[in-house]
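Here is the structure we will look at, set down as structure tokens.
The values are calculated or read from the model by the stated rules, or taken from the named source; none is laboratory data. All of these numbers come straight from a predicted model, not from anything done at the bench. Glycine also receives a Cβ, built like all others from the backbone with ideal geometry; neighbour counts cover every protein chain displayed. Just so you know, the surface numbers come from the protein's heavy atoms only, side chains and all, with ligands and any DNA or RNA stripped out. Shrake-Rupley method; radii C 1.70, N 1.55, O 1.52, S 1.80 Å.
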Amino acid sequence: MKIANPELRQRKTLAGIALLLMLAACGGKTMVESDLGIAGAPDWVNKGTAVLNDKDGRLFHGVGSSPAMGDESLQRSTADDRARAEVARILSTFMDVVGNDYVASTGTGKDAGAEQAVSRQIKAVTKQNLSGAKIIGRWKDAKTNMVYSISDLDLKQVKATTQGAKEMNEDLRRYIDRNADNIFDKVSSQGSKK
């Protein structure tokens, strides 16, 4: 379905670009956690949550922390959960941008029912992908006893999950397959310019 009104198309495109820029601002670095400057800490601790495009792939990295709790297992588990929550936050934002871009490109935005269906499908795929987020590292600050965890989710896995989602609209599935890398690249490059 084509958008008949060029002004409406332009507004939808601008909305998609604005969301992409917000994702870059939110997903590239988390202001609260980034640039901690902890001497001796791994780079990922000081950098914080990020959307990365490097030799290891297109990755969503979430960093979480937990103060000393008297129970090391509980402390690690809490830091791990917070790291996964950070991956959930940036993946959710990324998938919202993908969904909004899809709606704008197809012109279904004027159909509230179609837009809600896309939103439901995006949320379902986001939840499925979060089960694939892995804890890939931990670090304990000897001075403060704070434990930091880093969780990782690869865009390849997100796309594979999308391809396997039976309840997803075929056009949306194709759109994600064709455009997710480009959107991710734009977001990760915006985040690295900060």
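Odds and ends about this structure:
- Residue selected from region 62-78 under the condition hydrophobic (A, V, I, L, M, F, W, C) and touching a residue at least 40 places away in the same chain (Cβ under 8 Å), by the criterion nearest to Leu153 (Cα to Cα): Val63
- Counting the residues of region 50-86 that are of a type in the set (Asp, Glu) and open to solvent by less than 60 Å² (accessible area, probe 1.4 Å) gives 2.
- Of the numbered criteria (1) crowded, with 18+ Cβ neighbours inside 10 Å; (2) at pLDDT 85 or above; (3) assigned to a helix (DSSP H, G or I); (4) more than 14 Å from the chain's Cα centre (by Cα), the one Tyr102 fails is (2).
Yes/no per residue for (1) modelled with pLDDT under 80; (2) closer than 23 Å to Gly37 by Cα:
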position	(1), (2)
Arg82	no, yes
Leu91	no, no
Gly109	yes, no
Ala117	yes, no
Ile122	yes, no
Thr126	yes, no
Arg138	no, yes
Lys143	no, yes
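- So Gln163, is it at pLDDT below 80 and either in contact with a Lys or Arg (Cβ under 8 Å, 6 or more places away or on another chain) or part of a strand (DSSP E or B) (or both): yes
- Of everything in region 131-179 that is without any contact (Cβ under 8 Å) to a residue 60 or more places away in the chain and hydroxyl-bearing (Ser, Thr, Tyr), the residue that is most open to solvent (accessible area, probe 1.4 Å) is Ser131.
- Tally, over region 50-70, of residues that are more than 20 Å from Asp181 (Cβ to Cβ) and out of contact with any helix residue (DSSP H, G or I) (no Cβ under 9 Å at 6 or more places or on another chain): 1
- So Leu23, is it surrounded by fewer than 20 Cβ atoms within 10 Å (Cβ to Cβ) and at pLDDT below 90: no
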